[in-house]
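See below for the structure under consideration.
Taken together, the values in this text are just the output of simple stated rules run on the coordinates, not laboratory data. None of these values were measured; they are calculated from a predicted model. Positions of Cβ are generated from backbone atoms using ideal geometry, with glycine treated the same way; all protein chains shown enter the neighbour counts.
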Amino acid sequence: MPKTHFIDLNALKVEDWDKLVSLAIQMRENPGEYHEYCRGKILATLFYEPSTRTQFSFQSAMYRLGGQVIGFDNPGTTSISKGESLKDTIRMLGGYADIIAIRHPLDGAAMAASITSDIPIINAGDGGHLHPTQTLTDLVTLAVEKGGFDNHCIGICGDLRYGRTVHSLIKALSCFRGNSFVLISTKELTVPPYVKEVLDKSGCRYTYADTLEEAMPLLDVLYMTRIQRERFSSPEEYEAQKGIYILDGEKMKRAKDDMIVMHPLPRVDEITTEVDNAPRAAYFRQARNGVFARMALIYTMLEGSLCGGDLTEGAFEIKDKRCRNKRCIKAFEYNLPDLAYDSHEGTVCGFCEQPVM
Ligand code: NCD
């Protein structure tokens, strides 16, 4: 059976998302019943970038399934600090673990890892690109809180440019019927072209809004995000963007009674703490759902019943062009193939989806 990786949710069939979400909800209802599911299996968590929720929910998920966890959250304490390549680290880990969850500051790193890995790879966030396990968590939350994934008006606010959770979420929700989006951000932090292309192709309605006030009354779901300070090219650029969108009790009064507020967390200042205790504030419940989403994912991947996930399908090798994204794994890791595929925006890099030139 071909190995299935989990790099981009959209590489799997929507039926598989449903299967994962249903299993996560069952696990959420009876968390104690699954402690034999991954007995004898080892998850390796390779965190090249800071994390609280993703890292610990992966660990908690594996322990709740009866499995064990190895890994690092500081590459400085591993041979990576001696110059070891991602490829070698991944190849070797294949002999130590059964499945790998990797978070990395470079776009496309999880995809690069999957090319050389002998064991399944899970993308736990690759730079400012994608974060599919957060989206799985978000889908579980929407299923529990709103009864499903279609016919919602979803406002997404904050850093739509560098927010990987936003990119994965839009890619997923635009596959469902009747959804519309209100993109609430400054012009500088709007969605990148590969996400806009997904929206255009999907036929979902989407509009832009400059302020939270104007968007609030329209929304069924408000997805707040942090301005991703670590991804800006200069401190000045970040300073110019921070603190513009702040959700507070006053703005909440403009929302529908059953609108829910989601946030992948961590929050900085974009939601005031007075909102936390409102029944409509779903973000801490959402964080808890991350454990069950990851339990369902790890179990299903190890059991081998997830199909697809091969992102090299449809991609081809390019000779005369290359990826110009300085934050792409291609700019740092040698020996990666020059993968690309065709999109409406022209030919794009097979790792980070940015145009090649
Ligand atoms: C997010 C991430 O790391 O992309 N957090 C998370 O995984 N829950 C969002 C963020 O860091 O702002």
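Within the shell of other residues whose beta carbon sits under 14 angstrom from the beta carbon of Tyr206, the net charge comes to +2, with Lys and Arg scored +1 and Asp and Glu -1. Taken one residue at a time, the phi angles of the range 32-46 give Karplus couplings (6.51, -1.76, 1.60, θ = phi - 60°) of x, 8, 10, 6, 10, 4, 10, 3, x, 9, 10, 9, 9, 9, 9 Hz. Gly and Pro are set to x. For the chain, the relative contact order is 20 percent, taking Cα pairs closer than 8 Å that sit 6 or more residues apart in sequence and dividing their mean separation by the residue count.
Can you sort Ser79, Ser51 by how many other beta carbons sit within 10 Å, fewest first? Intermediate results must be reported in sequence, preceding the final value.
Numbers: Ser79 11, Ser51 18.
The most exposed by this proxy come first: Ser79, Ser51.
Neighbour counts of other Cβ atoms within 10 Å put Met62, Met92 in the fewest-to-most order Met92, Met62. The residues neighbouring Cys328, those whose beta-carbon lies less than 14 Å from its own, together hold a net charge of +3 under the Lys/Arg +1, Asp/Glu -1 convention. In this Cβ point-charge picture (+1 for Lys and Arg, -1 for Asp and Glu), the range 277-340 has a dipole of about 580 debye about its Cα centre. In the chain, the DSSP-assigned H stretches of four residues or longer account for a calculated mean residue ellipticity at 222 nm of -9500 deg cm²/dmol, using -39500 (n - 2.57) per stretch and the full residue count as denominator.
Ordering Thr78, Thr225 from the fewest to the most neighbouring beta carbons within 10 Å gives Thr78, Thr225. Rounded to the nearest 5, the antiparallel percentage of DSSP beta bridges internal to the chain is 20%.
If you add up the charges near Leu173, with Lys and Arg at +1 and Asp and Glu at -1, over every other residue whose beta carbon is less than 11 angstrom from its beta carbon, what do you get? Result for the neighbourhood of Leu173: 0.
Of the trypsin sites (Lys or Arg not before Pro) found in the range 1-76, those in coil by DSSP whose Cβ has at most 16 other Cβ atoms within 10 Å are Lys3, Lys13, Arg39.
State the Cα centre-to-centre distance between the range 306-353 and the range 209-231 in whole Å. Their Cα centres are 31 Å away from one another. Karplus-derived 3J(HN,Hα) values for the range 128-140, using 6.51 cos²θ - 1.76 cosθ + 1.60 with θ = phi - 60°, are x, 8, 9, 8, x, 6, 5, 5, 4, 4, 5, 5, 4 Hz; glycine and proline are entered as x. Which lysines, on any chain, are close to Lys256 with Cα under 24 Å apart, when same-chain ones fewer than 8 places away are left out? Lys256 reaches Lys146. Computed extension length for Asp342-Asn277: 18.7 nm, one decimal, from 0.36 nm per residue of separation with the Cα-Cα distance subtracted.
For the set Lys201/Lys330; Lys171/Lys201; Lys171/Lys196; Lys3/Lys41; Lys87/Lys330; Lys242/Lys330, the pairs lying more than 18 angstrom apart at their alpha carbons are Lys201/Lys330; Lys242/Lys330.
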